[in-house]
Amino acid sequence: MARSSQRTANLTLEQLCSAKEVLVSTGSGGVGKTTTAAAIGAVAAARLGAKVLVLTVDPAKRLATALGLEEFGNVETRVPDEAFANVEGGPRGELWVAMLDTKQSWDDLIARHAPDDATRDAILANSIYKNLSGKFVQSHDYVAMERLYEIHTSGRYDLVVVDTPPTRNAIDFLEAPDRMADFFSSRLLRWLIAPYRSRVVSFASKPFYSVADRILGTQFLEDIAEFFMLFQTMYDGFVERARAVTTLLGGPQTSFVVVSTLEVAPSREAEFFLELLSDRGYHVGALVLNKVLPDLLLSTDGADAARVLSTDAEAVAARLAPELQVDGGAVDPAHLAHVLAEIGSNFSNFAVVARREAEQRAELSRTPELCLTVPWFDDDIHSVDGLLRLGEVLWR
């Protein structure tokens with residue numbers, strides 16, 4: 001296993017986890033974002049003695065697999081200490097996990113913030129609310145931010161590691177509070193509820209309501225109007241929390257961890273998101289690059305050895321063959337020369353890729369304070385032991 005590298009000696013992942021209360025893991029799909037988030041949470045719980053929550057907002061259910069647990073949901077679940085059996089003395093802290101359940105989170109939100117029981121019950125029973133909270137994509141992004149805000153302000157955890165959806169969806173996640181607040185003050189919403197707030201409808205507005213009534217139906221329009229009129233009783237709270245969430249994400253207690261590989265598409269996504277976060281003033285604490293070739297391929301000694309094997313394979317084979325025995329017989333120098341030449345050629349080819357990766361890594365690591373690389377692993381990670389193995393690579 002190759003040792004992880006970092007761009008600066010002034011910051012380590014341990015210091016980042018110690019200094020921050022929220023780490024937001026972002027990246028394109030399939031680059032190990034969820035596994036990295038879980039590994040950071042696991043090693044922080046084991047090493048720092050912290051109470052850590054890994055919260056996945058990504059609807060794909062990969063976190064349970066990475067932790068080797070049965071499926072879990074909206075309620076925070078503690079990973080048992082027995083899962084850390086290979087940690088000497090056991091974990092110093094606690095690892096908790098949760099996966100966002102959009103419908104349940106909306107119900108909890110309404111229950112917490114409705115001005116009275118009657119409003120709460122009316123919203124929960126409204127057919128538009130049931131569809132919005134269960135199926136509307138933007139509602140997932142918004143309530144995820146609400147859930148993060150609620151968990152952070154509760155003070156139940158020392159560190160919350162958030163696993164976001166893939167990069168482009170993560171932008172929706174970041175923008176959801178402001179978009180929701182804007183919607184509740186939009187002209188469209190005022191038009192929808194106007195005839196139900198007042199029996200007087202302007203002459204100019206009547207054609208709109210006539211067409212909408214024919215297309216959507218009276219009951220549908222009434223349900224929409226009822227839902228949004230009820231929801232507007234919580235409008236001030238929505239705006240206030242949207243500002244609070246934006247402050248939390250941009251504050252000193254939060255940092256972003258961008259996860260990528262050095263393949264073309266993911267690295268472009270990473271570059272795009274690093275620039276976006278920087279432009280918005282968010283703190284980017286770390287860039288994690290997965291499946292990186294080892295630094296050995298960049299060494300001049302290795303390049304020289306590969307060149308000798310490629311160009312003088314027959315001479316090298318002639319010297320080595322007498323020393324090698326296979327099943328009691330001598331190795332054929334011609335066959336050995338062919339193998340050595342292939343090894344030298346492959347090393348040189350991989351060295352070209354490694355140099356290209358090093359250049360990409362230098363380009364991407366300009367923004368984050370810490371750049372970590374993770375080697376290829378021989379097998380998939382599906383247990384806490386596997387997460388800790390990855391976490392230790394990052395920790396060093």
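The values are calculated or read from the model by the stated rules, or taken from the named source; none is laboratory data. These numbers come from a predicted model, not from an experiment. FYI the Cβ positions are ideal-geometry reconstructions off the backbone, even for glycines, and counts take in every protein chain you see.
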Considering residues of the range 1-26 that are closer than 24 Å to Thr247 by Cα and of a type in the set (S, T, N, Q) only, the residue modelled with the lowest pLDDT = Thr26
Go through the residues of the range 345-365 one by one and say whether even a single one is among the small types (Gly, Ala, Ser), in contact (Cβ under 8 Å) with a residue 12 or more places away in the chain, over 26 Å from Val264 (Cβ atoms) and crowded, with 18+ Cβ neighbours inside 10 Å.
-> no
Report the residue count in the range 14-38 for those that are without any contact (Cβ under 8 Å) to a residue 12 or more places away in the chain and assigned to a loop (DSSP other than H, G, I, E, B).
-> 0
Got a number for residues in the range 230-252 being part of a loop (DSSP other than H, G, I, E, B) and in contact (Cβ under 8 Å) with a residue 24 or more places away in the chain?
-> 1
Does Leu388 satisfy being under 19 Å from the mean Cα position of the chain (by Cα) and in the same structural domain as Thr247 (by TED's automatic domain parsing)?
-> yes
Where residues in the range 23-37 are out of contact with any Phe, Trp or Tyr (no Cβ under 9 Å at 6 or more places or on another chain) and hydroxyl-bearing (Ser, Thr, Tyr), which of them is nearest to Leu394 (Cα to Cα)?
-> Thr36
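For residues in the range 284-317 being in a helix (DSSP H, G or I) and β-branched (Val, Ile, Thr), which is farthest from Glu357 (Cα to Cα)?
Going through the qualifying residues, I end up with Val316.
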Return the only residue of Phe273, Phe256 being surrounded by 13 or more Cβ atoms within 10 Å (Cβ to Cβ), touching a Gly at 6+ places or on another chain (Cβ under 9 Å) and modelled with pLDDT under 90.
-> Phe273
All-but-one check, Thr373 against (1) at pLDDT 90 or above; (2) surrounded by fewer than 20 Cβ atoms within 10 Å (Cβ to Cβ), failing number (2)
Leu336: passes all of (1) farther than 30 Å from Ala313 by Cα; (2) buried (at least 18 other Cβ atoms within 10 Å of the Cβ) but (1)
Does the range 253-275 contain any residue that is more than 25 Å from Pro375 (Cα to Cα) and either out of contact with any Ser or Thr (no Cβ under 9 Å at 6 or more places or on another chain) or not in a helix (DSSP H, G or I) (or both)?
-> yes
Of all residues in the range 122-169, which are of a type in the set (D, E, K, R), at pLDDT 75 or above and surrounded by fewer than 20 Cβ atoms within 10 Å (Cβ to Cβ)?
-> Lys130, Glu150, Arg156, Asp158
Enumeration of residues in the range 345-385 that are among the aromatic types (Phe, Trp, Tyr) and assigned to a loop (DSSP other than H, G, I, E, B) | Trp376, Phe377
Hey, can you tell me all the residues within the range 91-114 that are assigned to a loop (DSSP other than H, G, I, E, B) and modelled with pLDDT under 90?
-> Pro91, Leu100, Asp101, Ala114
Answer from Leu320, Leu388 - the residue that is touching a residue at least 60 places away in the same chain (Cβ under 8 Å) and either part of a helix (DSSP H, G or I) or within 30 Å of Ala45 (Cβ to Cβ) (or both) = Leu388
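Residues in the range 39-76 that are at pLDDT 75 or above and part of a loop (DSSP other than H, G, I, E, B): how many?
6
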